[in-house]
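Structure first, then comments.
The values are calculated or read from the model by the stated rules, or taken from the named source; none is laboratory data. Given the structure is predicted, the values throughout are model-derived calculations rather than measurements. Virtual Cβ from ideal backbone geometry, glycine too; neighbours counted across all protein chains shown. To get the accessible areas, we keep the full protein, side chains included, count just its heavy atoms, and leave off ligands, DNA and RNA. Shrake-Rupley method; radii C 1.70, N 1.55, O 1.52, S 1.80 Å.
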Amino acid sequence: MTVLDLASGTGTLAIIIKRKFPDVDVVGVDGDPRILQIAKAKSESANVKIEFDQGLATQLPYADSSYDRVFSTLFFHHLGHSDKARAFAEIFRVLKPGGQLHVADWGKPTNFLMRLLFYPIQWLDGFANTKDNVEGQLPNIIQHSGFNDVQIDKQFSTVFGTLTLYRALKDE
Ligand SMILES: C[S@@+](CC[C@H](N)C(=O)[O-])C[C@H]1O[C@@H](n2cnc3c(N)ncnc32)[C@H](O)[C@@H]1O
(Lines give C-alpha, C1' and ligand atoms only; values in the text may rest on other atoms or scores of the structure.)
Protein backbone atom coordinates (compact mmCIF):
# COMPACT_ATOMS: atom_id res chain seq x y z
CA MET A 1 0.00 0.00 0.00
CA THR A 2 1.16 3.51 -0.81
CA VAL A 3 0.11 6.39 1.41
CA LEU A 4 0.42 10.16 0.99
CA ASP A 5 0.42 12.64 3.89
CA LEU A 6 -0.63 15.92 2.27
CA ALA A 7 0.83 19.09 3.85
CA SER A 8 2.88 16.81 6.05
CA GLY A 9 4.54 19.61 8.06
CA THR A 10 7.33 18.22 10.22
CA GLY A 11 6.28 14.66 9.37
CA THR A 12 4.61 13.68 12.66
CA LEU A 13 1.72 11.73 11.10
CA ALA A 14 3.88 10.20 8.33
CA ILE A 15 6.30 8.86 10.96
CA ILE A 16 3.45 7.43 13.08
CA ILE A 17 2.00 5.65 10.01
CA LYS A 18 5.37 4.22 8.95
CA ARG A 19 6.15 3.02 12.49
CA LYS A 20 2.77 1.35 12.80
CA PHE A 21 2.76 -0.12 9.28
CA PRO A 22 6.41 -0.69 8.25
CA ASP A 23 5.46 -2.40 4.96
CA VAL A 24 3.51 0.62 3.73
CA ASP A 25 5.30 3.10 1.44
CA VAL A 26 4.78 6.51 3.04
CA VAL A 27 5.28 9.81 1.21
CA GLY A 28 4.90 13.28 2.72
CA VAL A 29 4.39 16.37 0.58
CA ASP A 30 4.52 19.98 1.74
CA GLY A 31 4.91 23.37 0.12
CA ASP A 32 7.58 24.65 2.54
CA PRO A 33 11.16 23.44 1.91
CA ARG A 34 12.29 24.44 5.44
CA ILE A 35 9.57 22.32 7.05
CA LEU A 36 10.61 19.44 4.79
CA GLN A 37 14.19 19.66 6.09
CA ILE A 38 12.86 19.26 9.65
CA ALA A 39 10.64 16.36 8.55
CA LYS A 40 13.58 14.59 6.92
CA ALA A 41 15.74 15.03 10.05
CA LYS A 42 12.91 13.76 12.27
CA SER A 43 12.34 10.67 10.13
CA GLU A 44 16.09 9.92 10.12
CA SER A 45 16.19 10.20 13.92
CA ALA A 46 13.15 7.92 14.11
CA ASN A 47 14.98 5.49 11.82
CA VAL A 48 12.09 5.20 9.34
CA LYS A 49 12.27 5.50 5.56
CA ILE A 50 9.83 8.13 4.29
CA GLU A 51 9.99 10.11 1.06
CA PHE A 52 9.39 13.83 1.57
CA ASP A 53 8.62 15.91 -1.53
CA GLN A 54 8.08 19.59 -2.08
CA GLY A 55 4.80 20.36 -3.83
CA LEU A 56 1.59 22.32 -3.65
CA ALA A 57 -1.74 20.75 -2.79
CA THR A 58 -3.31 22.44 -5.81
CA GLN A 59 -0.74 20.93 -8.18
CA LEU A 60 0.48 17.65 -6.73
CA PRO A 61 3.72 16.35 -8.29
CA TYR A 62 2.34 12.82 -8.79
CA ALA A 63 0.84 10.78 -11.63
CA ASP A 64 -2.85 9.89 -11.71
CA SER A 65 -3.87 6.89 -9.55
CA SER A 66 -0.62 6.75 -7.52
CA TYR A 67 -1.93 6.31 -3.95
CA ASP A 68 -4.15 3.93 -1.97
CA ARG A 69 -4.73 6.43 0.84
CA VAL A 70 -4.32 10.17 1.25
CA PHE A 71 -4.24 11.64 4.78
CA SER A 72 -4.21 15.30 5.72
CA THR A 73 -4.25 16.93 9.16
CA LEU A 74 -4.90 20.56 10.12
CA PHE A 75 -4.34 21.81 6.60
CA PHE A 76 -7.50 22.67 4.67
CA HIS A 77 -8.46 25.61 6.88
CA HIS A 78 -5.38 27.37 5.49
CA LEU A 79 -6.81 27.39 1.95
CA GLY A 80 -9.40 29.68 0.37
CA HIS A 81 -12.53 28.14 -1.13
CA SER A 82 -11.25 27.70 -4.70
CA ASP A 83 -7.91 26.25 -3.55
CA LYS A 84 -9.76 23.81 -1.27
CA ALA A 85 -11.74 22.61 -4.29
CA ARG A 86 -8.59 22.39 -6.44
CA ALA A 87 -6.72 20.47 -3.73
CA PHE A 88 -9.55 17.92 -3.28
CA ALA A 89 -9.68 17.49 -7.07
CA GLU A 90 -5.92 16.84 -7.05
CA ILE A 91 -6.30 14.27 -4.27
CA PHE A 92 -9.05 12.58 -6.28
CA ARG A 93 -6.74 12.48 -9.32
CA VAL A 94 -3.74 10.94 -7.49
CA LEU A 95 -5.82 8.33 -5.62
CA LYS A 96 -6.25 4.91 -7.17
CA PRO A 97 -9.81 3.73 -7.86
CA GLY A 98 -11.00 2.30 -4.54
CA GLY A 99 -8.65 4.66 -2.68
CA GLN A 100 -9.64 6.58 0.44
CA LEU A 101 -9.18 10.14 1.67
CA HIS A 102 -8.93 10.84 5.41
CA VAL A 103 -8.91 14.44 6.64
CA ALA A 104 -8.65 15.83 10.17
CA ASP A 105 -9.45 19.54 10.32
CA TRP A 106 -11.61 22.13 12.04
CA GLY A 107 -15.29 21.50 11.38
CA LYS A 108 -18.68 22.95 12.17
CA PRO A 109 -18.77 23.77 15.91
CA THR A 110 -20.95 21.29 17.81
CA ASN A 111 -22.12 23.91 20.33
CA PHE A 112 -21.88 27.59 21.22
CA LEU A 113 -18.74 27.14 23.35
CA MET A 114 -16.97 25.36 20.46
CA ARG A 115 -17.98 28.29 18.19
CA LEU A 116 -16.51 30.83 20.61
CA LEU A 117 -13.27 28.85 21.08
CA PHE A 118 -12.74 28.76 17.29
CA TYR A 119 -12.52 32.59 16.96
CA PRO A 120 -8.78 32.75 17.87
CA ILE A 121 -7.99 30.23 15.10
CA GLN A 122 -10.04 32.30 12.63
CA TRP A 123 -8.26 35.44 13.76
CA LEU A 124 -4.84 33.75 13.33
CA ASP A 125 -5.44 31.77 10.13
CA GLY A 126 -7.95 34.09 8.43
CA PHE A 127 -11.75 34.39 8.47
CA ALA A 128 -12.05 33.83 4.70
CA ASN A 129 -9.99 30.60 4.69
CA THR A 130 -11.81 29.12 7.71
CA LYS A 131 -15.36 30.04 6.55
CA ASP A 132 -16.07 26.71 4.81
CA ASN A 133 -14.82 24.81 7.86
CA VAL A 134 -16.97 26.64 10.36
CA GLU A 135 -20.02 26.40 8.10
CA GLY A 136 -19.58 22.63 7.78
CA GLN A 137 -18.97 22.82 4.01
CA LEU A 138 -15.96 20.49 3.73
CA PRO A 139 -18.07 17.36 2.98
CA ASN A 140 -19.85 19.21 0.15
CA ILE A 141 -16.60 20.40 -1.41
CA ILE A 142 -15.13 16.89 -1.13
CA GLN A 143 -18.23 15.41 -2.79
CA HIS A 144 -18.13 17.97 -5.61
CA SER A 145 -14.54 16.88 -6.34
CA GLY A 146 -15.81 13.45 -7.37
CA PHE A 147 -15.68 11.48 -4.11
CA ASN A 148 -18.43 9.18 -2.90
CA ASP A 149 -19.45 8.01 0.54
CA VAL A 150 -18.26 11.21 2.22
CA GLN A 151 -18.66 10.77 5.98
CA ILE A 152 -17.84 12.40 9.28
CA ASP A 153 -16.09 9.70 11.35
CA LYS A 154 -15.66 11.59 14.60
CA GLN A 155 -15.84 15.03 16.19
CA PHE A 156 -13.64 16.09 19.11
CA SER A 157 -14.24 19.06 21.38
CA THR A 158 -10.93 20.87 21.87
CA VAL A 159 -9.76 24.15 23.36
CA PHE A 160 -9.65 25.56 19.79
CA GLY A 161 -13.06 24.30 18.67
CA THR A 162 -14.46 21.19 17.03
CA LEU A 163 -11.87 18.97 15.36
CA THR A 164 -13.58 16.78 12.76
CA LEU A 165 -12.43 13.58 11.04
CA TYR A 166 -13.74 13.19 7.48
CA ARG A 167 -13.45 10.21 5.16
CA ALA A 168 -14.30 9.78 1.48
CA LEU A 169 -14.00 7.11 -1.19
CA LYS A 170 -12.91 7.20 -4.82
CA ASP A 171 -15.12 4.58 -6.45
CA GLU A 172 -13.58 1.56 -8.23
C1 LIG B 1 -0.69 23.66 10.34
S2 LIG B 1 0.52 22.85 9.37
C3 LIG B 1 -0.01 21.15 9.53
C4 LIG B 1 1.14 20.22 9.36
C5 LIG B 1 0.82 18.75 9.64
N6 LIG B 1 -0.16 18.20 8.73
C7 LIG B 1 0.39 18.55 11.06
O8 LIG B 1 -0.78 18.22 11.30
O9 LIG B 1 1.22 18.72 11.96
C10 LIG B 1 0.08 23.27 7.70
C11 LIG B 1 1.11 22.83 6.69
O12 LIG B 1 0.60 23.09 5.38
C13 LIG B 1 1.67 23.49 4.54
N14 LIG B 1 1.07 24.18 3.40
C15 LIG B 1 0.44 25.38 3.40
N16 LIG B 1 -0.07 25.65 2.18
C17 LIG B 1 0.27 24.59 1.38
C18 LIG B 1 -0.01 24.26 0.02
N19 LIG B 1 -0.73 25.08 -0.76
N20 LIG B 1 0.44 23.08 -0.44
C21 LIG B 1 1.15 22.24 0.35
N22 LIG B 1 1.44 22.50 1.64
C23 LIG B 1 1.00 23.66 2.16
C24 LIG B 1 2.55 24.32 5.44
O25 LIG B 1 3.86 24.40 4.93
C26 LIG B 1 2.45 23.54 6.75
O27 LIG B 1 3.48 22.58 6.86
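Compute the convex hull volume of the Cα atoms of the chain, divide it by the residue count, and report the result per residue in Å³ as a whole number.
Details: hull volume 18.7 nm³, N = 172.
Taking only Cα atoms, the chain has a hull volume of 109 Å³ per residue.
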Report task. Sticking with the crude label model, points 7 Å out along Cα→Cβ, report the distance from LEU124 to ARG34 in nm, one decimal please. Result -> 1.7
Query raised in the report: ARG167: accessible area at probe 1.4 Å, nearest 10 Å²?
Result: 80
Requested in this report: Restrict the search to the range 6-86; then list the trypsin sites (Lys or Arg not before Pro) that DSSP places in a loop and that have at most 11 other Cβ atoms within 10 Å of their Cβ.
Outcome: LYS49
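Please give the per residue accessible area of the chain, computed with a probe of 1.4 Å over protein heavy atoms only, in Å². Each step should come with its number before you reach the end.
Numbers: 8870 Å² over 172 residues.
Counting only protein heavy atoms, the per-residue value for the chain is 52 Å².
What translational D, rounded to a whole number of µm²/s, comes out for the range 1-55 from Stokes-Einstein when the hydrodynamic radius is the Kirkwood one over Cα pairs, at 25 °C and 0.890 mPa s?
Values: Rh = 10.6 Å.
Rounded to a whole number, D works out at 232 µm²/s.
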Report task. Using the structure shown, select from LYS20/LYS42; LYS20/LYS40; LYS96/LYS154 the pairs with a Cα to Cα distance greater than 21 angstrom. Result -> LYS96/LYS154
Query raised in the report: What area, in nm² and to one decimal, does the C-alpha convex hull of the range 37-94 cast on average over all directions?
Result: 4.6
Requested in this report: Compute, for SER157, the solvent-accessible surface of its heavy atoms (probe 1.4 Å) with the complete set of protein chains present, and express it in square angstrom to the nearest 10.
Outcome: 80
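Take THR162, THR58, THR12 and sort them by solvent-accessible surface of the protein heavy atoms, 1.4 Å probe, largest at the top. Walk me through the numbers before you get to the answer.
Numbers: THR162 5, THR58 30, THR12 75 Å².
Reading off the accessible areas and sorting them downward yields THR12, THR58, THR162.
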